[in-house]
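First the structure, in the form of structure tokens, and then the observations on it.
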Amino acid sequence: MYASALFFQVLLATAAFAVPTSRERLAQRVARRSVGAHLSHPKVPSTSAVSEISATSNVTNAEFSTNWSGAVINAAANTFKSVTGTFTIPTPKEPSGGSGTHSASAWVGIDGDTCGTAILQTGIDFTVSGTRTSFDAWYEWFPDFAHDFTGITLSPGNSITVSVTATSRTGGTATIVNHSTGQTVSHTFSGQPALCEQDAEWIVEDFEEGSSLVPLANWGTVTFTGAAANGASPSGATIINMEQNGRVLTDASTSGSTVTVKYTGS
């Protein structure tokens, strides 16, 4: 009996040691950010020959990018003032044969496709390292790097609405609502580099840290519902699929007010 009780206590102690506290998780996140700040980039077109094209029309008719996948609407300058979408936070996994830390980011934004000088955006990072996952909510006005929101908790399965509004070409707001917890965070910008307001986006991105793209996580599927730019659906948007080293890694599509971005890399 004593031996059994002692063994159980050892198991509890081992489990407690293995699971980081909230303070430790914060320290890990800050350390990861400090190594190389998260930076979303304008869309980078893929220039390599695509060697593995899916037979689906969504892929063959898509544009290709090394860092973006999703849907983009392009219009005249000074057109887009607001973009929004709702998605469920996925459980990221390491890609087949992968090890170490892998990440991806889901966001909505204004500009960055045909206008590469500024982007107003907000979204969620999801990261997997072994059996551990972590999530960050952030806002960004490119060319500045992303800044983490505080006061919001994130878990797989949470329903999240991400929205950006340009109140002028140099100012606006980024807002994230966690419907599962009832939390809302928002940031107001002013005096920023001027937007073109000619692109509206719903994107899953391989973002940059330390001047290079992060190893890409398998996010399964991110589905933006209620997707709207200036209140209108993204129907007819340009589809973008991610292609790296001659491999197509995603299958993106739109239907009505829904944008679906599926990881197909492995």
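Using the Karplus equation 6.51 cos²θ - 1.76 cosθ + 1.60 (θ = phi - 60°), what ³J(HN,Hα) coupling, rounded to whole Hz, does each residue of region 120-137 give in order, writing x for Gly and Pro?
9, 8, 8, x, 10, 8, 10, 10, 10, 9, x, 9, 9, 10, 8, 9, 10, 9
Tell me, T79, T122 in order of fewest to most beta-carbon neighbours within 10 Å? Can you show the working numbers first?
Working: T79 16, T122 25.
Going from sparsest to densest Cβ surroundings: T79, T122.
Find the eigenvalues of the gyration tensor of the Cα atoms of region 36-263, then list the square roots of 5 times those eigenvalues as equivalent ellipsoid semi-axes, largest first, in whole angstrom. Don't jump to the answer; show the numbers that get you there.
Numbers: eigenvalues 113, 89, 56 Å².
Listed largest to smallest, the semi-axes of region 36-263 are 24, 21, 17 Å.
Give a residue-ordered list of calculated ³J(HN,Hα) values for region 190-196 (Karplus: 6.51 cos²θ - 1.76 cosθ + 1.60, θ = phi - 60°; whole Hz; x for Gly, Pro).
Computed from phi, the couplings for region 190-196 are 7, x, 8, x, 5, 6, 8 Hz.
Quick one: which residues, 5+ away or cross-chain, put their amide H under 5 Å from the amide H of F145? H built at 1.01 Å from N.
HN-HN under 5 Å from F145: empty list.
Order of D206, D148 from fewest to most other C-beta atoms within 10 Å?
D148, D206
Test of understanding: ordering H179, H187 by Cβ neighbours within 10 Å, fewest first, what list do you get?
H179, H187
With θ set to phi - 60° and the Karplus curve 6.51 cos²θ - 1.76 cosθ + 1.60, what are the ³J(HN,Hα) couplings of region 91-96 in order, to the nearest whole Hz, using x for Gly and Pro?
9, x, 10, 6, x, 4
Obtain the nm distance between the two label points defined at S255 and H147 by a simple spin-label model: each point lies 7 Å from its Cα along the Cα-to-C-beta direction.
4.0 nm
Can you pull the one-decimal nm distance between simple spin-label points at T221 and S235, each 7 Å off the Cα toward Cβ?
For T221 paired with S235, the spin-label model returns 2.1 nm.
Read-outs: derived from the displayed coordinates by stated rules, not from any lab. Quantities reported herein were computed from a predicted structural model and do not represent experimental measurements. Because the Cβ atoms are built from the backbone with ideal geometry, glycine has one as well, and the counts that use them run over all protein chains shown.
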